[in-house]
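Below is one structure; the comments refer to it alone.
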Amino acid sequence: MKRILNMLLLVVTVMAVTACDSDDNNRQNELCSPGKLYLPRDQYPLDITAGQPVVFEWENSKTNNACYQVLFDKEEGDFSKPAYVITSTANGFMPSLEVSSATMSTIVALCGGLPGQTVTVKWTVRTLKGLDQVTGVQEGGSRTILVTMPNTVDPLPATLALQGTATENQAAIRLNAALPVSATTGKHIADRKQGAMECFTQFSEGTFTVKDDLDRYFALEENGTLRCTYAEESSNAAPAAGIYWVYLDFNTMTWSMKEIEKVVFWNRPWFGAESKQPMTYKGNGVWEIVDFAWNVGTTSQKDTRYHFKVYYTDQSIERWAYWNDDFRPEENPEANPKCFNVYRFVNALKDDWVHSWKTTNDSEGINQLATFRVHMNNADKADYFHERSFKDK
């Protein structure tokens, strides 16, 4: 009898072990979602402008031979049509993923992000085995990351224009490749700054847009940064009515404006007091002084050096002047393409005479009426330039 009982106990034990093994196998073969999401933590701020990759990690699934995909979606999305999907490390078998900053930038853009913005992106993990798949996690469901987009545009604009109710004649004002302002005496480096644009223009009350040759619009943020809005037309409020230097640098995605108080024609008669005659703004970056009885001294003691001074409302002063530190009179100045070009310098040079023009000879213009006109645009010529003429009184 005892032997029979032992046999029955052995059979029951074997059946119980077999059942447990079967349950474990079923659980391991059943497709389960992974457990907790580890990294990044929920609502974690990510600044991808530094170019560092982003690491995602989660708890392993209990399913044998499961593969993983990381799904990204807009903040309001439900992952039914994810914005982006990436297979995890080791062809999907590892519960981790490293995403480059370039790929993150693409993901954020697909989630509606624009350069310079911080965008909420939702992410979760999908488990796959064969044709079966499970999306979501057992705890938490999904997480969000707050990604700051690099504030850049590619390619850089080739041309740029301002237009709106605030621009001159409500027409399109074209910006020029920016000419650096030299702070030292000597030959000016005339190369324009690649990726930076400027214009000298007049604003009235109203608004204006900034649009490039690829039909991209740009918003001028209050903190001095530029933001590309692409096809979305962005309206910018004009500053107080006046004449301005406008500067946009797409290398740093920044902008600035300085109001011009006045532009004057500067000269100093032979050891006399300096003369600063106000010039009239004619529009489109052009100033002029017409039929001015300028004084260079006497017939025997004279000095015909001159340049233009720009006074900004922030108290800075700029010199629009000759490219070299000293002008060498030429019999045929029109033959020198640089002769009448205008280059920009800070005014704090060693003296008032450096980087000044002279007339063709020291007697030109004496006891005559002079007209000077300075063109700070690239519409009339490829470079900023000035022109002069003289006539009898």
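Only helices enter this figure: runs of n ≥ 4 DSSP H residues, each worth -39500 (n - 2.57), summed and divided by the residues of the chain, yield -3500 deg cm²/dmol at 222 nm to the nearest 500.
Put simply, the amide H of TRP287, placed in the peptide plane, has neighbours under 5 Å in LYS282, VAL374, MET376, leaving out anything fewer than 5 places away on its chain.
Within 14 Å, Cβ to Cβ, of ASP78, how many net charges do the neighbouring residues add up to if Lys/Arg are +1 and Asp/Glu are -1?
Numbers: positive: LYS74, LYS81, LYS122, ARG126; negative: ASP73, GLU75, GLU76.
Result for the neighbourhood of ASP78: +1.
Using a cutoff of 8 angstrom between alpha carbon atoms and counting only pairs six or more residues apart, the relative contact order for the range 312-393 works out to 30 percent. This ranking places MET279, MET257 by how few other beta-carbon atoms lie within 10 Å of each, fewest first, which gives MET257, MET279.
As I understand it, the dipole of the range 160-252 uses +1 on the Cβ of Lys and Arg and -1 on the Cβ of Asp and Glu, about the Cα centre. Which of THR167, ALA183, GLY224 lies farthest toward its positive end? The residue sitting most towards the positive pole is ALA183.
Give me the dipole magnitude in Debye, nearest 20, for the chain about the Cα centre, with unit charges on the beta carbon: positive for Lys and Arg, negative for Asp and Glu. Intermediate results must be reported in sequence, preceding the final value.
Details: 38 positive and 49 negative charges, 91 e Å.
Here the size comes out at about 440 debye.
Ranking PHE308, PHE390, ALA102 by how far each Cα lies toward the positive end of the dipole of the chain (charges on Cβ) leaves ALA102 at the top.
Summarising the overall dimensions of the range 32-148 from its C-alpha atoms, the Rg and Dmax are 13.5, 43 angstrom. Near TYR217: Cβ cut-off under 9 Å, other residues only, Lys/Arg at +1 and Asp/Glu at -1. The net charge is -2. Given their separation in residues at 0.36 nm each and the Cα-Cα distance between them, THR118 and LYS62 gain 16.6 nm when the chain is fully extended. Mean projection of the Cα convex hull over all viewing directions, computed for the chain: 28.7 nm². Can you tell which of PRO157, PRO180, PRO333 shows the greatest fluctuation in a Gaussian network model of the chain with Cα springs below 10 Å? Its mean-square fluctuation being the largest, the pick is PRO333. The local environment of LEU114, defined by Cβ-Cβ distances under 11 Å, has a net charge of +1 under the rule Lys, Arg +1 and Asp, Glu -1. The residue list ASN64, SER88, GLY113 was ranked by how far each Cα lies along the charge dipole of the range 32-148 toward its positive end, using unit charges on Cβ atoms, and ASN64 comes out on top.
Using only the Cα atoms, what convex hull volume per residue in Å³ does the range 174-247 have?
Spread over its residues, the Cα hull of the range 174-247 gives 117 Å³ apiece.
From the alpha carbon centroid of the range 364-393 to that of the range 148-173 is 31 Å.
Could you tell me the relative contact order of the range 137-278? Use alpha-carbon pairs under 8 Å, at least six residues apart, and round to a whole percent. Working shown, then result.
Details: 272 pairs, mean separation 28.8, N = 142.
Over the range 137-278, the number comes to 20 percent.
Inter-label distance, THR360 to ILE317: 3.2 nm, where each label sits 7 Å from its Cα along the C-beta direction.
Give me the dipole magnitude in Debye, nearest 20, for the range 260-392 about the Cα centre, with unit charges on the beta carbon: positive for Lys and Arg, negative for Asp and Glu. Intermediate results must be reported in sequence, preceding the final value.
Details: 17 positive and 20 negative charges, 37 e Å.
Dipole magnitude for the range 260-392 comes out near 180 debye.
Using a Gaussian network model of the chain in which every pair of alpha carbons under 10 angstrom is joined by a spring, one finds that among ASP249, ASP314, ASP325 the greatest mean-square fluctuation is at ASP314. If only the Cβ of Lys and Arg carry +1 and only the Cβ of Asp and Glu carry -1, the dipole of the range 160-252 around its Cα centre is close to 360 debye. Report the paramagnetic label zone for GLU274: residues of the range 353-384 whose backbone N is under 12 Å from a point 7 Å from Cα along the Cα-to-Cβ axis. Flagged as within label range: 353-354. The ranking of VAL181, VAL54 by Cβ neighbour count inside 10 Å, starting from the fewest, reads VAL181, VAL54.
Values in this text are rule-based calculations from the coordinates and carry no lab data. Owing to the predicted nature of the structure, the values given are computational and were not obtained by experimental measurement. Please note: Cβ atoms are built from the backbone with ideal geometry, for glycine as well, and neighbour counts cover all protein chains shown.
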